[in-house]
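The values are calculated or read from the model by the stated rules, or taken from the named source; none is laboratory data. None of these values were measured; they are calculated from a predicted model. With ideal geometry, Cβ positions are generated from the backbone for all residues, glycine too; neighbour counts draw on all protein chains shown.
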């Protein structure tokens, strides 16, 4: 049975119980969108929007927090699942996966998505969006925004999968209430977390490390293949390890690729990121998997080894 429209809309929010502060932020955002309606009616469109893609827990939130401090950019409050999935929620697609291709774009949905993101940014700013699920939708995003630029976050699979395991075991990050409960040991059976990859039903019995490893593998392999096909002028890669080691240097390099002025606000945001971790279960640290989930990571190494090699990790 498909969910009622109200339930579906609510499921697309990353904030199931928004605070008063977040409600006020969204109210101000709606007013800003309304102020951009005249420009939309005159035919104005987004110019070179920026899309950050990468596996969940790869560091996309960290880079997003830095870049959105630029006065040249605007963003949707939070992750824009309510824009991307209003017509593509898995419940509307037989719960297959989050993957979309250029052939899934229709004139109606293209018009809606372009308009909503334009209203978020307006005529004077560029859009920056961070949605890990779009790692499975690069061709879809490119068909909507053919002048878009992409930033691809890459993280050592062992640490990334370790972080995903911890997040699955936590009470946070609920993503989809499933029509049929899964049987992954130690995890709330009613909820799927993060990305629905093709063939996810085959892993509904777990273990959780296999699910996490497949999420990392599918996101990275799909994003890398699609971005390579676009050409090097359209995307740049960022290693999480370099970002946390020298956030200012990496942020400046990425800003240059994106054509952004690396001003004092961007510099200060980069310098502040490690002092105030973003969206973490435990503080950033390379090699945490060795003491947190060493047996689980050892078990999934054969699954992720080829993808690690493709990304340049030993």
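Residue 156 meets each of the listed conditions (1) in contact with a strand residue (DSSP E or B) (Cβ under 6 Å, 6 or more places away or on another chain); (2) buried (at least 20 other Cβ atoms within 10 Å of the Cβ) apart from (1). Against the condition touching a strand residue (DSSP E or B) at 6+ places or on another chain (Cβ under 9 Å), part of a loop (DSSP other than H, G, I, E, B), surrounded by 13 or more Cβ atoms within 10 Å (Cβ to Cβ) and at pLDDT 95 or above, how does residue 3 come out, does it pass? Spelling it out, it is not the case that residue 3 is touching a strand residue (DSSP E or B) at 6+ places or on another chain (Cβ under 9 Å), part of a loop (DSSP other than H, G, I, E, B), surrounded by 13 or more Cβ atoms within 10 Å (Cβ to Cβ) and at pLDDT 95 or above. Applying the criterion of being over 20 Å from the mean Cα position of the chain (by Cα) and outside any loop (DSSP other than H, G, I, E, B) to the residues of segment 183-208, the residue that is farthest from residue 99 (Cα to Cα) is 208.
Of all the residues in segment 217-274, those that are in a loop (DSSP other than H, G, I, E, B), in contact with a helix residue (DSSP H, G or I) (Cβ under 8 Å, 6 or more places away or on another chain) and either in contact (Cβ under 8 Å) with a residue 40 or more places away in the chain or closer than 23 Å to residue 99 by Cα (or both) number 3. Among the listed residues 115, 99, which satisfies the condition of being at pLDDT 95 or above, out of contact with any strand residue (DSSP E or B) (no Cβ under 8 Å at 6 or more places or on another chain), part of a loop (DSSP other than H, G, I, E, B) and crowded, with 16+ Cβ neighbours inside 10 Å? Only one candidate passes the filter, namely 99. The set of residues from segment 21-60 being surrounded by 20 or more Cβ atoms within 10 Å (Cβ to Cβ) and in contact with a strand residue (DSSP E or B) (Cβ under 9 Å, 6 or more places away or on another chain) comprises 46, 49, 50, 51, 52, 53, 54, 55, 56, 58, 59, 60. Residues in segment 65-74 that are under 16 Å from the mean Cα position of the chain (by Cα) and buried (at least 22 other Cβ atoms within 10 Å of the Cβ) were compared, and the one that is farthest from residue 244 (Cα to Cα) is 67.
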